[in-house]
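What follows is a single structure, written as structure tokens, with notes after it.
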Amino acid sequence: MGKADSVFEVIGPIMIGPSSSHTAAAVRIGQISLAVMGEPVVEAIIQLHGSYALTGKGHGTDKAIIAGLLGYDAADERIKKSLAIAKEQGMKVKFQNVDLGEDYHPNTLRLLIAGTSGTHFEITAVSVGGGNISIIEINGLPIYLSGEYHTLITIHNDRPGIVAKASSLIAQSKVNISTMHVSRQRRGGLAAMAVEMDQPLPPSVISELEDQAQIVRIIPPIY
Amino acid sequence: MKQLIRLAGRQKKCIGDIVLAVEAEQEDESPSTIRGQMVISWEVMKLALERGITEDIRSVSGLSGGDAKLLFSREPKFLSSEVSNAVARALGVAEVNASMGRIVACPTAGSCGIVPAALLLAKEKLELDEAAIIKALFTAAGIGIVCSLNASISGAEGGCQAECGVAAAMAAGALTELAGGSPTMVGHAVALTLSNMLGLVCDPVAGLVEVPCVLRNGGALMQALLGADLALTGIKSRIPVDEVIGAMREVGEALPESLRETSLGGLANTPTGVRLRRKLA
């Protein structure tokens, strides 16, 4: 767990119990996945690895992750009933215990989700303690984002220009970059970029980048 | 902690005021905005305190629930009624947490009952207004921040002493300040309480935040009341508060992994603990 150096990291978050790492973090992973999807989720296969597979049920990880996918936050009383609500709304939900291997943190979740337009995402996330999370893969591409910042995400073909263009758009918007992560499958293959920023980006950045990337998302901080 | 105590002493302010001022500066917000956020947290705490002793609470696993309401309804044999009721309230908040109810992590979800129950007791016993309680929450937060920065507030890192132990220290310091104790006394309350919680292991049965976590909220609350009373009497910790926090860090690092939230040791590894885990798997 990171060191808590502010008042509301020590007294907070306001959350639905029982566990900050297994419940509150799982809600946030669901919320961020929904934001990456960019449209309502109609189908979700949730793969639980390590400690999540062992104690996820007792901690309500299953309900928490679906609540997040429904757009609820970690303090929402509806978390307890989220599985029933998902069923009512026609969201297909399936849970699988998996072993992703020793390279993965004991608190890892992988979400295979489909949206209303048929878009699919595979998102892998880790609960790192105290309700904090990291998204570590999107569609198999290594990435890093914590959800604590305004974040720009792109999935694009690996060729010169897009990282520079994104950086210059961010600079023009007078936005400060906190972290930046770029990765690719192979030279010229699919690539992913996540930029965490201290201030929000104007939505116009999306259209400026859309002709160079398959997917562009701007996600607000999610607590 | 020493810096915080000195700063409060020099500016003739209480620790809660200093913590609020520092937080406002750090977050670049007005003190009233920050205080407003804390009012919301206290409202959530009060709701959980009330639910814990009035509703029939059962956790998803069935391992916890109902003890707080039972304790609150009975006359204690040895404790005073006030203290017994405060313990019941601490258990109640922890039971609300285990049953997927809304709580404020303080400093963690597993130790969420201690500070709220202590502050409600102080409010009733000392006939304090809401503003005093909000200020005391900043005092508690300041103590928690110092423990987090110099040791840990995570059971996986430092055992239960880092969760319920730190919560007890936070509560003891806040109570001492509310009862009119000096910043130095607050430091002794923290040191004495944490000293009595040193070495407490994190050994949740079946990996759930229920057994022994719920009842440990009650035990830790009692330590907080004792620590505050000792400090207010003028009893001093022979070991300075920052050294006690350093000791907590050292003890936490020395704890084997089996006693740091992995559920491989302690109560989790008793024959009954293992049986319960198998049954719930």
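If a residue must be more than 16 Å from A:Asp76 (Cβ to Cβ), facing another protein chain (nearest Cβ under 7 Å) and not in a loop (DSSP other than H, G, I, E, B), how many such residues does segment A:4-22 contain?
The total comes to 3.
For segment B:194-204, state whether one or more residues are of a type outside the set (Lys, Arg) and within 13 Å of chain A (Cβ to nearest Cβ).
Yes, segment B:194-204 has at least one match.
Look at A:Asn157 and say whether it is surrounded by fewer than 18 Cβ atoms within 10 Å (Cβ to Cβ), over 20 Å from A:Ile222 (Cβ atoms) and of a type in the set (S, T, N, Q).
yes
Do any helices (runs of 4 or more DSSP H) lying entirely in segment B:98-215 carry at least 1 residues that are under 20 Å from A:Ile14 (Cα atoms), and which ones are they?
Of the helices (runs of 4 or more DSSP H) lying wholly inside segment B:98-215, those with at least 1 residues that are under 20 Å from A:Ile14 (Cα atoms) span B:114-125, B:130-150, B:155-158, B:164-178.
Taking the conditions exactly as written (of a type in the set (S, T, N, Q), without any contact (Cβ under 8 Å) to a residue 60 or more places away in the chain and under 12 Å from A:Ala194 (Cα atoms)), does A:Thr179 satisfy them or not?
So A:Thr179 fits the description; yes.
Being without any contact (Cβ under 8 Å) to a residue 60 or more places away in the chain, of a type outside the set (Lys, Arg) and within 14 Å of chain A (Cβ to nearest Cβ) is the filter here; which residues of segment B:69-110 pass it?
Answer for segment B:69-110, where residues must be without any contact (Cβ under 8 Å) to a residue 60 or more places away in the chain, of a type outside the set (Lys, Arg) and within 14 Å of chain A (Cβ to nearest Cβ): B:Gly92, B:Val96, B:Ser99, B:Met100, B:Gly101, B:Ile103, B:Ala105, B:Thr108.
Here are some residues: A:Ile45, A:Ile29. Which one is touching a residue at least 60 places away in the same chain (Cβ under 8 Å), surrounded by fewer than 24 Cβ atoms within 10 Å (Cβ to Cβ) and of a type in the set (A, V, I, L, M, F, W, C)?
A:Ile45 is the lone residue from the list that is touching a residue at least 60 places away in the same chain (Cβ under 8 Å), surrounded by fewer than 24 Cβ atoms within 10 Å (Cβ to Cβ) and of a type in the set (A, V, I, L, M, F, W, C).
What is the number of the single condition among (1) over 24 Å from A:Glu148 (Cα atoms); (2) away from every other protein chain (no Cβ under 11 Å); (3) out of contact with any strand residue (DSSP E or B) (no Cβ under 7 Å at 6 or more places or on another chain) that A:Gly58 does not meet?
Tallying (1) over 24 Å from A:Glu148 (Cα atoms); (2) away from every other protein chain (no Cβ under 11 Å); (3) out of contact with any strand residue (DSSP E or B) (no Cβ under 7 Å at 6 or more places or on another chain), A:Gly58 fails exactly one: (2).
Which residues, counting only those in segment A:1-22, are among the polar types (S, T, N, Q) and surrounded by fewer than 21 Cβ atoms within 10 Å (Cβ to Cβ)?
Correct list: A:Ser6 only.
Filter segment B:7-48 for residues that are in contact (Cβ under 8 Å) with a residue 40 or more places away in the chain and more than 14 Å from chain A (Cβ to nearest Cβ); which is farthest from B:Leu70 (Cα to Cα)?
It comes out as B:Gly9.
Can you name the condition, by its number, that A:Glu39 falls short on among (1) part of a loop (DSSP other than H, G, I, E, B); (2) under 16 Å from the mean Cα position of the chain (by Cα); (3) within 11 Å of another protein chain (Cβ to nearest Cβ)?
Exception for A:Glu39: condition (3).
Does segment B:152-162 contain at least one residue that is β-branched (Val, Ile, Thr), surrounded by fewer than 24 Cβ atoms within 10 Å (Cβ to Cβ) and within 12 Å of another protein chain (Cβ to nearest Cβ)?
No, because not a single residue in segment B:152-162 is β-branched (Val, Ile, Thr), surrounded by fewer than 24 Cβ atoms within 10 Å (Cβ to Cβ) and within 12 Å of another protein chain (Cβ to nearest Cβ).
So is B:Leu255 out of contact with any Leu (no Cβ under 9 Å at 6 or more places or on another chain) and either loosely packed, with under 15 Cβ neighbours inside 10 Å or not hydroxyl-bearing (Ser, Thr, Tyr) (or both) or not?
yes
Go through segment A:63-91 and count every residue that is facing another protein chain (nearest Cβ under 10 Å), surrounded by fewer than 24 Cβ atoms within 10 Å (Cβ to Cβ) and assigned to a helix (DSSP H, G or I).
3
Tally time: how many residues in segment B:159-185 are under 15 Å from the mean Cα position of the chain (by Cα), of a type outside the set (Asp, Glu) and more than 9 Å from B:Ala228 (Cβ to Cβ)?
Summing the residues that are under 15 Å from the mean Cα position of the chain (by Cα), of a type outside the set (Asp, Glu) and more than 9 Å from B:Ala228 (Cβ to Cβ) in segment B:159-185 gives 11.
Of the numbered conditions (1) in a helix (DSSP H, G or I); (2) over 23 Å from B:Leu149 (Cβ atoms); (3) out of contact with any helix residue (DSSP H, G or I) (no Cβ under 8 Å at 6 or more places or on another chain), B:Arg277 satisfies every one except a single condition; which is it?
(3)
Every read-out reported here was derived from the displayed coordinates using simple, explicitly stated rules and does not represent laboratory data. Just so we're clear, the structure is a prediction, and the values are computed from it rather than from any experiment. Glycine also receives a Cβ, built like all others from the backbone with ideal geometry; neighbour counts cover every protein chain displayed.
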